[in-house]
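This report concerns only the one structure given below.
The values are calculated or read from the model by the stated rules, or taken from the named source; none is laboratory data. Everything numeric in this text was worked out from a predicted model, so none of it was measured. Heads up, the Cβs are rebuilt from the backbone with ideal geometry, glycines too, and the neighbour counts pull from every protein chain shown. Surface areas here come from the heavy atoms of the whole protein model, side chains and all, with no ligands, DNA or RNA. Shrake-Rupley method; radii C 1.70, N 1.55, O 1.52, S 1.80 Å.
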Amino acid sequence: MATEQRQPLSPDAWLAQVTEQTLEPALPIIDPHHHLWDHPNNRYMLDEILRDTGTGHRVLATVFVECLSMYRADGPESLKPVGETEFVNGIAAQSASGQYGETRIAAGIASFADLTLGAAVEEVLQAHIAAAPARFRGIRHAGGFDTDPRVRNSHTNPPADLYESARFREGFARLKKLNLTFEAWQYHPQMRSVVALAQAFPDTTIILNHFGGPLGIGPYEGKRAEIFRQWKDDMTELARCPKVVVKLGGINMPVNGFNWHRLPKPPTSDQLVAATRDYYLHTIDKFGPRRCMFESNFPVDRLSCSYGVLWNAFKKIAAEFTADEKAQLFHRTAAETYRLSVPSV
């Protein structure tokens with residue numbers, strides 16, 4: 001998860017240079033992918049996410065996805081990630097009080113458990129469930145790996161073959177039993193490993209993060225058309241696995257190579273649409289709206305664009321879809337996938 005900002009202005013001042021009128025402000029949204037953390041000079045807690053979700057779009061609820069936040073300092077190593085669920089569940093309880101507005105932050109939680117523990121991971125999964133029984137929905141064990149040092153590997157420090165390893169799959173097999181989902185996050189050269197995982201576990205819901213991570217830096221710079229062709233084929237193959245759901249977003253990170261974060265001003269929604277529309281339309285075409293959901297990936301994508309502009313871009317991409325299809329893409333798929341009950345929808 002890259003956090004560098006290469007603008008001479010502060011991140012907030014840089015983003016403030018481009019503002020847009022909110023499109024379709026009454027359209028209900030569930031944002032199924034964001035993070036929360038409190039690092040030195042890099043804070044994204046309840047106040048910060050409410051600042052973003054409160055910029056005009058009708059965000060009714062969100063889903064938190066793991067990011068190494070607030071692990072326990074003590075106790076067994078395998079159980080330390082449960083601290084993240086405990087932390088986020090507290091933030092969610094604050095939001096659920098209603099004192100902070102309509103949006104229910106972290107109504108669903110996906111945390112980390114080391115699936116290479118094999119069968120022993122069940123103790124960790126049960127601890128997560130106990131820490132947030134009304135909100136915990138699944139885990140993410142990121143597998144992003146590349147041999148080139150210019151591409152930073154995932155924060156979980158995975159081996160190249162994580163999703164293929166026997167120990168990982170032994171742990172993965174425990175998810176279905178506990179009615180938990182799996183968040184797949186890796187890079188586009190590893191897409192076939194996600195296909196193989198979905199084929200091996202056809203009854204477990206796999207949620208593909210960030211379009212499968214099409215890279216655009218290091219050895220992949222300047223090869224967007226070639227990579228897109230292969231990515232399309234891989235997504236078409238993955239779509240044949242009926243329990244795979246895709247998050248539409250997370251494609252504006254520095255690692256994707258569009259370099260928005262290097263511009264004097266952040267992109268407009270029209271610029272985002274022009275550069276990335278084909279990823280969205282191909283995915284929706286192959287998976288259908290019932291297996292697709294728009295995501296913000298904030299604050300990581302905040303390095304490149306503002307929350308309001310990003311959701312305007314999503315609405316422009318979906319402009320030709322029916323009202324029912326829009327409802328699916330903007331909130332129903334998320335509600336169904338994460339088993340959320342949002343009264344205002």
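If I filter the range 37-74 down to residues being aromatic (Phe, Trp, Tyr) and in contact with a helix residue (DSSP H, G or I) (Cβ under 7 Å, 6 or more places away or on another chain), which single residue comes out as most open to solvent (accessible area, probe 1.4 Å)?
Tyr71
Just need a number here: residues in the range 293-345 that are open to solvent by less than 30 Å² (accessible area, probe 1.4 Å) and under 22 Å from Cys67 (Cα atoms).
Number satisfying all stated conditions: 20.
List every residue pair whose Cβ atoms lie under 9 Å apart, where the two residues are 6 or more positions apart in sequence or sit on different chains, the first residue falls within the range 143-155 and is of a type in the set (A, V, I, L, M), and the second residue, located anywhere, is part of a loop (DSSP other than H, G, I, E, B).
Listed pairs, sorted by first residue: Val151/Gly144; Val151/Phe145; Val151/Tyr187; Val151/Leu215; Val151/Ile217.
Residue by residue through the range 239-253, note down the ones that are assigned to a loop (DSSP other than H, G, I, E, B) and open to solvent by less than 10 Å² (accessible area, probe 1.4 Å).
Within the range 239-253, Gly249, Gly250, Ile251, Asn252 qualify.
For Ser296, work out the one condition from (1) under 16 Å from Asn256 (Cβ atoms); (2) in a helix (DSSP H, G or I); (3) in contact with a His (Cβ under 9 Å, 6 or more places away or on another chain) it doesn't fulfil.
Answer for Ser296: the failing condition is (2).
Test each condition in (1) within 30 Å of Thr322 (Cα to Cα); (2) at pLDDT 95 or above for Tyr44 and report the one that comes out false.
(1)
Failed condition for Arg302, given (1) among the basic types (Lys, Arg); (2) part of a helix (DSSP H, G or I); (3) without any contact (Cβ under 8 Å) to a residue 40 or more places away in the chain, with all others met?
Every condition holds for Arg302 apart from (3).
Starting from the range 38-65, keep only residues that are within 20 Å of Ser10 (Cβ to Cβ) and part of a strand (DSSP E or B), then list their pairs with residues that are open to solvent by less than 10 Å² (accessible area, probe 1.4 Å) and not aromatic (Phe, Trp, Tyr) whose Cβ atoms are within a distance under 8 Å, requiring at least 6 positions of separation or different chains.
Asp38/Ser69; Tyr44/His35; Tyr44/Leu36
Specify the residue that is surrounded by the fewest Cβ atoms within 10 Å (Cβ to Cβ); the eligible residues are those in the range 114-138 that are part of a loop (DSSP other than H, G, I, E, B) and more than 20 Å from the chain's Cα centre (by Cα).
So the residue we want is Pro133.
Any residue in the range 5-34 that is hydroxyl-bearing (Ser, Thr, Tyr) sitting within a Cβ distance under 9 Å of a residue that is in a loop (DSSP other than H, G, I, E, B)? List the pairs, counting only those 6 or more apart or interchain.
Matching pairs, first to second residue: Thr19/Thr55; Thr19/Ser306; Thr22/Thr55; Thr22/Gly56; Thr22/His57.
In the range 76-92, which residues are more than 21 Å from Ala142 (Cβ to Cβ) and open to solvent by less than 50 Å² (accessible area, probe 1.4 Å)?
Asn89, Gly90, Ile91, Ala92 - these are the residues of the range 76-92 that are more than 21 Å from Ala142 (Cβ to Cβ) and open to solvent by less than 50 Å² (accessible area, probe 1.4 Å).
Please verify whether Arg174 is touching a helix residue (DSSP H, G or I) at 6+ places or on another chain (Cβ under 8 Å), farther than 27 Å from Asp148 by Cβ and open to solvent by 40 Å² or more (accessible area, probe 1.4 Å), treating the condition exactly as stated.
So Arg174 fits the description; yes.
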